[in-house]
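The values are calculated or read from the model by the stated rules, or taken from the named source; none is laboratory data. The structure displayed is predicted, hence computed values, not measured ones. Cβ placement follows ideal geometry from the backbone for every residue including glycine, while neighbour counts extend to all protein chains displayed. Each accessible area value is taken on the protein alone, full model and side chains, heavy atoms only, with ligands, DNA and RNA left out. Shrake-Rupley method; radii C 1.70, N 1.55, O 1.52, S 1.80 Å.
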Amino acid sequence: MIYGDTEGSYRKTANLINRIRYQEQGGTPYRTLQENTEKEGADIIDYVEAKANRILKRNGFSEDGIYRGRNPAYPRNQPATLPEEKIVKAAEECIADDMRDGALNNPVCYEDLENAVNISIDDVNVKRQEETRQKGGRSEKGKRKYVHNTIVHVSKGNKSYTLNGHGIKAVLCFLIAFIFNNDLDGNRLQFYTDGHKILNETILKCFTWFKNIGIILDWYHLEKKCKEQLSMAMKGRFVRNNLLESLLPLLWHGLTDKAIGLLEEMDTSQIKNQSVVEKLVQYLRRNKPYIPCYAIRKQLGLRNSSNIGEKMNDLIVSERQKHNGMSWSKKGSVALASVTVLKRNRESQRWFENREIEFKLVSNAG
């Protein structure tokens, strides 16, 4: 499972096992290997869920992650931020005079890395198997359906851990339990997301009990969103590129209001689809609380990106489950991802020998 199934197909792994055991005729069928792996993955998820529930209950939570306790420290905890003089100095080194005051007034704080936990969270989708095959290979509605894996990468200092499961809410419950199990509740929880509305809303809803929390919109996704939307909105690439040359520096320096003003004051003769421009404006307004001054953060050595989360998506799901022609059941996809996460977190030996998972940060776990 660890050295075969997580790296290559069940068929290739079964063939390898049978060759090693000189059982190429009548050896272990790949379907048997697949069923055993899926059962193992399901057992891992059940174990993590049961352990998370025990931790949550012990800390005043219901099983669905709602805080019922009365710890007065949680509502009034304040983020440990970098000294103001350090922030001003960084701004002077990387921002022109005409933008500096606006950038320094951006309300998104600059966390002290010694007292911060970085959390990248995202969904990764793979093609879902049809329960019954239709003529032409399509579902009744003619639309391809997907299985959703939610991946969370948690890091503090040189230690990290990866969580997975089906659904944002379920994995956030695992995350809350993990935070308590690692005594991380005294730190700022700094989330990095792609700006998806449901994802951000679910994070904030699950952490209403905890005030020392922040969300950063990943710069890559913000830049990509602007480029894609303006490609559909503007009359030609030259007009689009000229607009981006003015828009992106404003966003990079955290001047969201000025960026919105620029979009709203555009020459209508250059626009071919006004509704797309309006959607981009709405996107920026909705995500304004999560758009920092990326320039100052970079100068201070703080993260601007959820790229480690994207990398975990590739390593845990995409590289194994997104080859041409592959489709997966919900049970099979999440189960295989769970076995892969076990490997990434260096928990496999403990699990297979003792049927236990430590649920602790690991040095250089990826």
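Roughly how many Å² of residue 82 are accessible to a 1.4 Å probe, to the nearest 10?
20
Divide by every residue of the chain the summed helix terms, -39500 (n - 2.57) for each DSSP H run of at least 4, and state the resulting mean residue ellipticity at 222 nm, rounded to the nearest 500 deg cm²/dmol.
Values: 15 runs with 177 residues, N = 366.
Rounded to the nearest 500, the figure is -15000 deg cm²/dmol.
As a test of reading the structure, rank 323, 221 by solvent-accessible area (1.4 Å probe, protein chains only), most first.
Values: 323 100, 221 35 Å².
Greatest to least solvent exposure: 323, 221.
In a GNM of the chain with a 10 Å cut-off on Cα contacts, which of 172, 250, 217 has the highest mean-square fluctuation?
250
When the chain is fully extended, how far beyond the present Cα-Cα distance does residue 208 get from residue 50, taking 0.36 nm per residue of separation? Don't skip to the end; give the middle numbers.
On the way: separation 158, 0.36 × 158 = 56.88 nm, distance 2.31 nm.
Here the segment from residue 208 to residue 50 would lengthen by 54.6 nm.
Which value, in Å² rounded to 10, gives the accessible area of residue 232 with a 1.4 Å probe and all protein chains present?
100
Any chance you could look up the accessible area of residue 161 with a 1.4 Å probe, heavy atoms only, rounded to 10 Å²?
Looks like 10 Å² after rounding.
DSSP beta bridges in the chain, what fraction antiparallel, as a percent rounded to 5? Present the calculation step by step, with values, prior to reporting the outcome.
On the way: 22 of 33 bridges.
Percentage antiparallel, nearest 5: 65.
Determine, for each peptide in 334-342, 14-22, 282-290, the mean count of other beta carbons within 10 angstrom over its residues, then list the peptides with the highest first.
Numbers: 334-342: 25.9, 14-22: 13.6, 282-290: 16.2.
So the order, starting with the most tightly packed, is 334-342, 282-290, 14-22.
Rounded, prolate or oblate: which fits segment 207-366 when a ≥ b ≥ c are the square roots of the eigenvalues of the alpha-carbon gyration tensor, with rounded for a/c under 1.5 and prolate only if a/b beats b/c? Could the numbers behind the result be given before it?
Working: a/c = 2.99, a/b = 1.91, b/c = 1.57.
It is prolate, given that a/c is not under 1.5 and a/b is the larger ratio.
Give me the percent of accessible area attributable to carbon and sulfur for the chain, probe 1.4 angstrom.
Answer for the chain: carbon and sulfur cover 46 percent of the accessible area.
Amide H neighbours of residue 165 under 5 Å, at least 5 residues apart or on other chains, H built in the peptide plane: list them.
So residue 165 has HN proximity to 150.
Once you have a ≥ b ≥ c as the square roots of the Cα gyration tensor eigenvalues for segment 199-301, tell me rounded if a/c is under 1.5, and otherwise prolate or oblate according to whether a/b is larger than b/c. Spell out each step's value before the answer.
On the way: a/c = 2.63, a/b = 1.75, b/c = 1.50.
It is prolate, given that a/c is not under 1.5 and a/b is the larger ratio.
Can you list residues whose amide H is under 5 Å from residue 215's amide H, if they're 5+ apart or on another chain and H is modeled 1.01 Å from N?
Sorted by chain and number, the residues that satisfy this are 191.
Identify the trypsin sites (Lys or Arg not before Pro) of segment 62-125 meeting these criteria: DSSP loop state and at most 16 other C-beta atoms within 10 Å of the C-beta. Each step should come with its number before you reach the end.
On the way: sites: 68, 70, 76, 86, 89, 100; in loops: 68, 70.
Answer by residue number: 68, 70.
Does segment 1-121 come out rounded, prolate or oblate, given a ≥ b ≥ c as the square roots of the eigenvalues of its C-alpha gyration tensor, rounded meaning a/c under 1.5 and, failing that, prolate meaning a/b above b/c?
Working: a/c = 5.14, a/b = 1.93, b/c = 2.66.
Here segment 1-121 falls in the oblate category.
Working out 0.36 nm times the residue gap between residue 158 and residue 238, then minus their Cα-Cα distance, what length gain in nm do you get to one decimal?
24.4 nm is the gain from fully extending residue 158 to residue 238.
Which sequence of 219, 209, 252 reflects their accessible areas, 1.4 Å probe, from the largest down?
Details: 219 40, 209 20, 252 65 Å².
Greatest to least solvent exposure: 252, 219, 209.
Considering only 271, 308, 168, give the residue with the highest GNM mean-square fluctuation for the chain, with springs between Cα atoms whenever their separation is below 10 Å.
It is 271.
Which FRET efficiency value, to the nearest 0.05, is calculated for residue 2 and residue 62 with the Förster distance at 41 angstrom and r the Cβ-Cβ distance?
On the way: r = 35 Å, r/R0 = 0.85.
So the FRET efficiency works out to roughly 0.75.
Kindly work out what percent of the DSSP beta bridges joining two residues of segment 145-276 are antiparallel, to the nearest 5. Walk me through the numbers on the way to the answer.
Values: 8 of 13 bridges.
Once the DSSP bridges in segment 145-276 are tallied, antiparallel ones form about 60 percent.
Starting from the 7 Å offset along Cα-to-Cβ, what nm value, one decimal, do you get for the label separation of residue 114 and residue 31?
Simple spin-label model gives 6.1 nm for this pair.
Just 246, 305, 348 to compare: in a GNM of the chain, with alpha carbon springs under 10 Å, which one fluctuates most?
Maximum fluctuation in the GNM of the chain, among the listed residues, is at 246.
Please compute the per residue accessible area over the chain with all protein chains in place, 1.4 Å probe, rounded to a whole number of Å². Write out the running numbers ahead of the final one.
On the way: 19400 Å² over 366 residues.
Spelled out: the 1.4 Å probe surface of the chain, per residue, equals 53 Å².
Write down the radius of gyration of the chain and its Dmax, each obtained from C-alpha positions, in Å.
23.5, 76
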